[in-house]
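Every number here is computed from the coordinates shown, using simple stated rules; none is lab data. Every value quoted in this text rests on a predicted model; they were computed, and no experiment measured them. Please note: Cβ atoms are built from the backbone with ideal geometry, for glycine as well, and neighbour counts cover all protein chains shown.
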Amino acid sequence: MGEKEYVSGRGVHYVVDIERCNGCGLCVAYCPRTNTDEKAIVMTKIPNTNRRGYIHIDVKDIERCSACGICALFCGDGAIREITLDED
Ligand code: SF4
Ligand code: SF4
């Protein structure tokens with residue numbers, strides 16, 4: 001529950017679990033596709049918080065994701081992770 005999957009054109013899948021997000025914003029800050037109007041991921045704003053009360057990442061446009069993996073690398077809370085097609 002609370003997970004949203006997105007995929008790039010290169011076939012790499014990531015799962016975003018908003019309930020694990022602490023709202024630090026690192027993924028959005030370092031995503032190379034957020035510095036222009038071509039935003040791939042964004043942070044929500046209050047009152048849109050997860051169950052723990054944090055604002056959280058939201059996938060703005062899956063087509064903008066280049067599957068660089070930077071967001072998953074920076075997320076120390078495991079809210080973004082790469083998965084294989086066989087994984088649930
Ligand atoms: S994989 Fe790269 S381009 Fe896609 S959302 Fe994460 S940081 Fe942005
Ligand atoms: S890096 Fe992880 S914890 Fe921080 S805003 Fe992104 S998804 Fe949330």
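Residue exposure proxy: R81, R33, R10, ordered by other Cβ atoms within 10 angstrom of their Cβ from fewest to most, comes out as R10, R81, R33.
Amide H neighbours of H13 under 5 Å, at least 5 residues apart or on other chains, H built in the peptide plane: list them. So H13 has HN proximity to I83. Placing +1 on the Cβ of every Lys and Arg and -1 on the Cβ of every Asp and Glu, with nothing else charged, gives region 3-83 a dipole about its Cα centre of roughly 140 debye.
According to the Kirkwood relation over distinct C-alpha pairs, the hydrodynamic radius of region 3-83 is 12.4 Å.
Summarising the label geometry, the points placed 7 Å from Cα in the beta-carbon direction at E38 and R81 lie 3.0 nm from one another.
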